[in-house]
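What follows is calculated from the coordinates using simple rules that are stated; it is not laboratory data. Since we're looking at a predicted model, the values are computed, not measured. A quick note on method: Cβ atoms are made from the backbone with ideal geometry, for glycine too, and the neighbour counts reach across all protein chains shown.
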Amino acid sequence: MLPKEELFQAQLAVRRLCLYRSIAEDPLVQTAVRLAEFILEDLPLQVLETYHVLTGMLASKELAPAGDVSDPWQDHILDLIIFDDNPFTRKAELISTGEMGTSLLETAKNDLGCLQTLYRLGDLLIPATSSFLQDHPKVRPEGPLPDWKTFQGMGGPQREDVREIKNMLAEEGDWTRLVEPLAAYYAQSGAGPFGRFWGFQWDGQGLVGIPNPDPIRLTDLIGYEEQRRVVLDNTERFLRQLPANNVLLYGDRGTGKSSTVKALLHEYGSQGLRLVEVAKQMLGDFPKIAAKLSGRPQRFIVFVDDLSFDEGEHEYKELKAILEGSLAARPENVLIYATSNRRHLIKETFHDRDGEVHRQDTVQEKLSLADRFGITVTYLAPDKDAYLSIVEGLARRHGLAIDTPTLHRRALEWEAWHNGRSGRTARQFIDHLIGELALRV
């Protein structure tokens, strides 16, 4: 027997959404609701086609890993709720539910009831479609309908905070009771794109979330402990809303400058740190970027990698204005971290020294850009002993069965034939050695 009343209630639920209205416009949700409508309107061809379209869409979704919510429809609805950007989720980031007002909380409560109806729709559609098609021999398939509940998970590991809130929703019989726990989640983990992603890139038009940022972690980095401590101390002050400085990480290539900054994301992302990577050519967009970040509770590091300027490049003036404080001031929740292989960020030429009345002013303007950063951390290429110490540390971490004299000899041969001594060269050598030893097994 067709669950006509339940299918009709699902149609009502999607139309009653208010704060979470964008979920009603989601293509997967719209396809599922159309399928329910076609069943109720007794349109067999449309039911057959829409069911298979919906199944194909669900098949392409990256499911949660085994042990988490494994139904792709249910997992999708949970993602939509957890990462939605609306007045309730935004306010939950900033204030307690006691400060929101009764009307907003009641509206959120009603929306959650509607969303739970949609969440349960997936359990109805497979048997309803199968039963419906049994009554229409001309379109009835010979075998069973494809069942999206049997699809295997393809996604990577989920963040612990996301896993916990999903499991709480999946296990709760009445979502209208979850307004406060959900608000607490938004307050802790963020709402909208800043809850979904920890890392972003600026593409000239907006912030693009990075689903799988560089997995490098601080524990993966060996050597340069003193330099990293300076960066970590400054970052921790920033997260605690204490005075903190913009940072320039300067030094030889391959010494771990960029890796140090990227590793901050995994160390402090759960504490509200977000990383926004901006190309130097787009520094003129900083006012636009700042407008999107200002007023959010998260703390943002704008990351400019491999920063240097050649003759004719004038973006350094944009950076100087940002660092010194232009009329459009840098928001208090934003810092600039940059890496460079040059101590003087702007290439000086003899042309700068000749043919200009105030040439000394030009030279000083260019050479002093690095001084605008509050902290400069220097990463120099390691000497022989430091290089071998990094190699030994990486070998121990990976549990490589190789004696120390052989390891040292091979490591020195590798750096002589490849890119010279650096932390990057050490990691490349260890990666090569791991593969070589694995092939011998």
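General remarks:
- Mean residue ellipticity at 222 nm, helices only, the chain: -16000 deg cm²/dmol; runs of at least 4 DSSP H residues each add -39,500 (n - 2.57), and the sum is divided by the number of residues.
- Lys/Arg +1, Asp/Glu -1 at C-beta; the chain dipole; positive extreme among Leu239, Pro27, Tyr379: Tyr379
- Volume per residue that the Cα convex hull of region 153-211 spans, once the total is divided by residue count, Å³: 111 Å³
- Along the axis of the charge dipole computed for the chain (Cβ charges of +1 for Lys and Arg, -1 for Asp and Glu, origin at the Cα centre), the listed residues Ser60, Phe300, Val139 are led at the positive end by Phe300.
- Ranked packing of 407-416, 123-132, 255-264, most packed first, by mean Cβ within 10 Å: 255-264, 123-132, 407-416
- Here the relative contact order of region 1-56, from alpha carbon pairs under 8 Å that lie six or more residues apart, stands at 34 percent.
- Taking Cα atoms only, the orientation of helix 179-189 departs from the longest principal axis of the chain by about 20 degrees.
- Test item: Cα-centred dipole of region 210-284, Lys/Arg +1 and Asp/Glu -1 on Cβ, debye: 180 debye
- Per-residue ³J(HN,Hα) for region 202-216, Karplus 6.51 cos²θ - 1.76 cosθ + 1.60, θ = phi - 60°, Hz, x for Gly and Pro: 8, 9, x, 10, x, 8, 10, x, 9, x, 10, x, 3, x, 4
- Among Val53, Val276, Val247, residue whose mean-square fluctuation peaks in a GNM of the chain (springs only between Cα atoms under 10 Å): Val53
- To the nearest ten degrees, helix 384-397 and the longest principal axis of the Cα atoms of the chain are 20 degrees apart.
- Farthest positive-ward along the chain dipole, Cα basis, beta-carbon charges - from Leu43, Ala108, Leu273: Leu273
- Each Lys and Arg contributes +1 and each Asp and Glu -1, all at the Cβ; summed about the Cα centre of the chain, the dipole is approximately 700 debye.
- Sequence-distant contacts, meaning Cα pairs under 8 Å at least 6 residues apart, place the relative contact order of region 4-196 at 34 percent.
- By the Kirkwood approach, averaging reciprocal distances over each pair of separate Cα atoms, the chain gets a hydrodynamic radius of 25.8 Å.
- Here region 4-196 is treated with +1 on each Lys and Arg Cβ and -1 on each Asp and Glu Cβ, and its dipole about the Cα centre works out to around 240 debye.
- Relative to the longest principal axis of the Cα atoms of the chain, the long axis of helix 257-268 lies at roughly 40 degrees.
- Overall form of region 74-124 per C-alpha gyration tensor (a/c, 1.5; a/b vs b/c): oblate
- Alpha-carbon spread of region 157-275, three principal axes, descending order, Å: 57, 31, 27
- Distance cut-off 12 Å, percentage of C-alpha pairs in region 384-440 lying past it: 61 percent
- Cross-link pairs Lys109/Lys288; Lys91/Lys149; Lys109/Lys262; Lys61/Lys257; Lys262/Lys292 - those with Cα-Cα distance over 29 Å: Lys109/Lys288; Lys91/Lys149; Lys109/Lys262; Lys61/Lys257
- Scaling against 2.2 N^0.38 Å puts the C-alpha radius of gyration of region 4-196 at 1.08.
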